[in-house]
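Let me begin by presenting the structure, written as structure tokens, before commenting on it.
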Amino acid sequence: RATPMSVAADTSASPLTAECALAKSAKGAACVQLVGQVLDNPSLYVFGELLDMPNVQALADGPPAHAAAYELLKIFAYGTWKDYTARAVQLGQLSAAQATKLKKLSVVSLAAASKSLPYDTLLSELEIGSVRELENLLIECVYGELLSGKLDQQARVF
């Protein structure tokens, strides 16, 4: 039987605060690089404050590579893995760290909508090839305090 989960609140605002301070002076390519660093940072999972920065918003109206960085940041803030894969050609390839992070954020989004998550749904939504890989990702989410829950391997539900 699946157990209820709750989405944990992010309490580590200090790394994002530092990144936002850098975003105040970073423009163009430097801002794109900053967005990449934020997306690679394994301790940052909240992006709204960065999206509100004028220099980050200006990326949307810049050259295609700059606009892609802005759109990618929006997907990390509000989207899911499926949203990214639908636009992957336009947005470019994610690093391994970014792909893992977006999959974790997608699990959190799915958990917010449902108290139990069947493995088959997660495998499909996250495009993960094996149950073991999925369970490892879920364990990382729990240990990273992104959400809480229990793996039910027999019922194949989180």
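The values are calculated or read from the model by the stated rules, or taken from the named source; none is laboratory data. This structure is a prediction, so every number in the text was calculated from the model and none was measured. Because the Cβ atoms are built from the backbone with ideal geometry, glycine has one as well, and the counts that use them run over all protein chains shown. Side chains are part of the model used for accessible areas, which takes the heavy atoms of the whole protein and leaves out ligands, DNA and RNA. Shrake-Rupley method; radii C 1.70, N 1.55, O 1.52, S 1.80 Å.
In table form, for the structure just shown:
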quantity: Flag if Leu122 is open to solvent by 20 Å² or more (accessible area, probe 1.4 Å), of a type outside the set (Ser, Thr, Tyr), closer than 24 Å to Arg156 by Cβ and part of a helix (DSSP H, G or I); calculated: no
quantity: Residues (open to solvent by 50 Å² or more (accessible area, probe 1.4 Å) and in contact (Cβ under 8 Å) with a residue 12 or more places away in the chain) located in the stretch 125-143; calculated: Glu125, Glu127, Ile139, Glu140
quantity: Failed item in (1) farther than 19 Å from Glu19 by Cα; (2) within 15 Å of the chain's Cα centre (by Cα), with Gln90 passing the rest; calculated: (2)
quantity: Test: Val46 is at pLDDT below 90 and in a helix (DSSP H, G or I); calculated: no
quantity: Filter result for Ala99 (surrounded by fewer than 17 Cβ atoms within 10 Å (Cβ to Cβ), without any contact (Cβ under 8 Å) to a residue 24 or more places away in the chain, touching a helix residue (DSSP H, G or I) at 6+ places or on another chain (Cβ under 7 Å) and among the small types (Gly, Ala, Ser)); calculated: no
quantity: Subset of the stretch 105-119 (residues that are under 20 Å from Leu44 (Cα atoms), in contact (Cβ under 8 Å) with a residue 40 or more places away in the chain and open to solvent by 30 Å² or more (accessible area, probe 1.4 Å)); calculated: Ala112
quantity: Residue list for the stretch 40-77, filter: closer than 12 Å to Gln98 by Cβ and of a type in the set (Lys, Arg); calculated: none
quantity: Scan of the stretch 68-91 for residues that are touching a residue at least 12 places away in the same chain (Cβ under 8 Å) and open to solvent by 30 Å² or more (accessible area, probe 1.4 Å), ordered by number; calculated: Tyr70, Glu71, Lys74, Ala77, Thr80, Lys82, Thr85, Arg87, Gln90
